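K.L.:
This is the structure, below, for whatever I ask next.
The values are calculated or read from the model by the stated rules, or taken from the named source; none is laboratory data. Just so we're clear, the structure is a prediction, and the values are computed from it rather than from any experiment. Here the Cβ is made from the backbone with ideal geometry for all residues, glycine too, and neighbour counts use every protein chain on show.
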Amino acid sequence: MPGAGLRTYYFKAMLSVIPGPDRLAELFRYRELLYNLVARDLKVRYKNSVIGVFWSLLNPLAMSAIFTFVFTVLMPSGLPRYALYVLIGLLAWNWTVGAVVGGAQSVVAHGHLVRKVYFPAEVLPISTVISNLVNFLFALIPLFLLMFTLGQVPGPQLILLPVAIVTQLLFLSGLALAASALNVPFRDTAAVLDVLMLGWFFLTPVFYRVEDLAGDWSRLMYIVNPLASIIANYRILLYYNTWPDPLFMVRTFVQALAVLAAGYLVFGLLRDRLPEEV
């Protein structure tokens with residue numbers, strides 16, 4: 001049957017872009033390139049900055065102060081320690097914006113390298129995600145200072161914080177891989193992302209609780225928007241200072257893996273076209 005043959009063809013094509021052991025080994029061999037790209041991105045970002053990396057600390061603090069003023073003075077939200085609550089969400093969101101928007105431009109910005117030198121192009125969006133991870137880790141410093149200022153000492157559940165961070169790393173890597181590949185043949189991708197990111201910001205519980213917005217639909221919001229679940233895990237560990245539901249944390253991790261697999265699939269389907277169209 002022609003239909004069966006067509007399905008077989010597409011199935012084999014899908015399998016051909018799934019990273020096997022050889023592809024993963026190749027990525028590992030280029031780990032030094034990944035390191036250099038991350039280091040260069042950080043140097044360029046703060047090269048002409050007066051206070052350098054401290055911007056990654058001051059930016060979320062300033063935004064947190066603004067949201068705290070609005071939602072404790074102008075429109076009281078009723079949440080205790082609101083500055084801590086919103087700062088946790090802002091840190092996760094800032095990492096997301098930097099990784100996705102920067103990742104979308106990563107292949108196009110290094111087009112001269114992609115055309116002339118062979119290397120696994122996946123390292124370009126992944127390096128963007130990791131460089132923004134470094135900023136995220138620096139920004140945790142004022143977060144912990146704020147926690148101690150408010151008299152909230154982190155408990156033993158802090159041991160799960162690396163798991164939450166790795167979950168977001170996998171999630172953002174998938175988005176960056178897909179966006180970087182799509183932005184080569186479809187240059188409108190970056191412009192569309194600007195609109196999507198604004199909408200995503202308001203649909204993500206950065207400065208509000210999902211339960212207050214969605215009510216009985218809050219569970220669905222967590223499923224549809226994995227970033228909401230990621231931020232919830234951060235807040236359970238750092239704001240509520242308690243142990244998360246293991247099933248919720250595992251489900252969030254599985255969602256992140258699914259996004260990573262989907263992003264790599266999109267990247268793999270377009271990989272061969274990148275040197276020609278970049």
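K.L.:
Restricting attention to region 177-202, and to residues there that are part of a loop (DSSP other than H, G, I, E, B) and touching a residue at least 24 places away in the same chain (Cβ under 8 Å), which single residue is surrounded by the most Cβ atoms within 10 Å (Cβ to Cβ)? Break it down stepwise before answering.
P.N.:
Quick first cut of region 177-202, residues part of a loop (DSSP other than H, G, I, E, B) only: 183-188.
Next, from what is left, pick out any that are touching a residue at least 24 places away in the same chain (Cβ under 8 Å): 183-185, 187.
Values: N183: 25, V184: 22, P185: 13, R187: 11.
Filtering first and then ranking leaves N183.
K.L.:
Also, I was wondering about something else. Among the residues of region 234-278, which ones are within 17 Å of R23 (Cα to Cα) and either free of Cβ contacts under 8 Å to residues at least 60 places away in the same chain or under 16 Å from the mean Cα position of the chain (by Cα) (or both)?
P.N.:
Hits for region 234-278 are L260, A261, A262, G263, Y264, D272.
K.L.:
Continuing with the same structure: Could you tell me whether any residue of region 164-176 is loosely packed, with under 14 Cβ neighbours inside 10 Å and either at positive phi or at pLDDT below 85 (or both)?
P.N.:
No, there is no match, as no residue in region 164-176 is loosely packed, with under 14 Cβ neighbours inside 10 Å and either at positive phi or at pLDDT below 85 (or both).
K.L.:
Go through region 110-123 and give me each residue that's of a type in the set (A, V, I, L, M) and surrounded by 13 or more Cβ atoms within 10 Å (Cβ to Cβ).
P.N.:
Listed by number, the residues that qualify are L113, V114, A121, V123.
K.L.:
Exactly one of these conditions fails for T96: (1) surrounded by 15 or more Cβ atoms within 10 Å (Cβ to Cβ); (2) at pLDDT 90 or above; (3) more than 29 Å from D212 (Cβ to Cβ). Give me its number.
P.N.:
Against the list (1) surrounded by 15 or more Cβ atoms within 10 Å (Cβ to Cβ); (2) at pLDDT 90 or above; (3) more than 29 Å from D212 (Cβ to Cβ), T96 comes up short only on (3).
K.L.:
Looking at (1) part of a helix (DSSP H, G or I); (2) surrounded by 19 or more Cβ atoms within 10 Å (Cβ to Cβ); (3) modelled with pLDDT under 95; (4) not small (G, A, S), which is the only condition L227 fails?
P.N.:
(3)
K.L.:
Is it the case that some residue within region 209-223 is of a type outside the set (D, E), surrounded by 20 or more Cβ atoms within 10 Å (Cβ to Cβ), under 16 Å from V100 (Cβ atoms) and within 18 Å of the chain's Cα centre (by Cα)?
P.N.:
no
K.L.:
If you check I236 against the conditions, is it out of contact with any Phe, Trp or Tyr (no Cβ under 9 Å at 6 or more places or on another chain) and of a type outside the set (F, W, Y)?
P.N.:
Spelling it out, it is not the case that I236 is out of contact with any Phe, Trp or Tyr (no Cβ under 9 Å at 6 or more places or on another chain) and of a type outside the set (F, W, Y).
K.L.:
Take region 232-272 and flag every residue that is β-branched (V, I, T) and outside any helix (DSSP H, G or I).
P.N.:
Selection gives T242 alone.
K.L.:
Test of understanding: among I141, I159, I126, which residue is at pLDDT 95 or above, on the phi < 0 side of the Ramachandran plot and surrounded by fewer than 20 Cβ atoms within 10 Å (Cβ to Cβ)?
P.N.:
I159
K.L.:
Does S173 satisfy the condition of being hydroxyl-bearing (S, T, Y) and in contact with a Pro (Cβ under 7 Å, 6 or more places away or on another chain)?
P.N.:
no
K.L.:
Among L145, L137, which is part of a helix (DSSP H, G or I), farther than 18 Å from W93 by Cα and either more than 20 Å from the chain's Cα centre (by Cα) or free of Cβ contacts under 8 Å to residues at least 60 places away in the same chain (or both)?
P.N.:
L145
K.L.:
If you don't mind, there's one more thing I want to ask. Of the residues V44, V38, V73, which single one is part of a helix (DSSP H, G or I), surrounded by 12 or more Cβ atoms within 10 Å (Cβ to Cβ) and at pLDDT 65 or above? Before the answer, list the steps.
P.N.:
Values: V44 fails: surrounded by 12 or more Cβ atoms within 10 Å (Cβ to Cβ); V73 fails: surrounded by 12 or more Cβ atoms within 10 Å (Cβ to Cβ).
Of the residues listed, the single one that is part of a helix (DSSP H, G or I), surrounded by 12 or more Cβ atoms within 10 Å (Cβ to Cβ) and at pLDDT 65 or above is V38.
K.L.:
Going through P120, P60 one at a time, which residue ends up being farther than 30 Å from P185 by Cβ, touching a helix residue (DSSP H, G or I) at 6+ places or on another chain (Cβ under 6 Å) and either at pLDDT 85 or above or in a helix (DSSP H, G or I) (or both)?
P.N.:
Details: P120 fails: farther than 30 Å from P185 by Cβ.
Of P120, P60, the one residue that is farther than 30 Å from P185 by Cβ, touching a helix residue (DSSP H, G or I) at 6+ places or on another chain (Cβ under 6 Å) and either at pLDDT 85 or above or in a helix (DSSP H, G or I) (or both) is P60.
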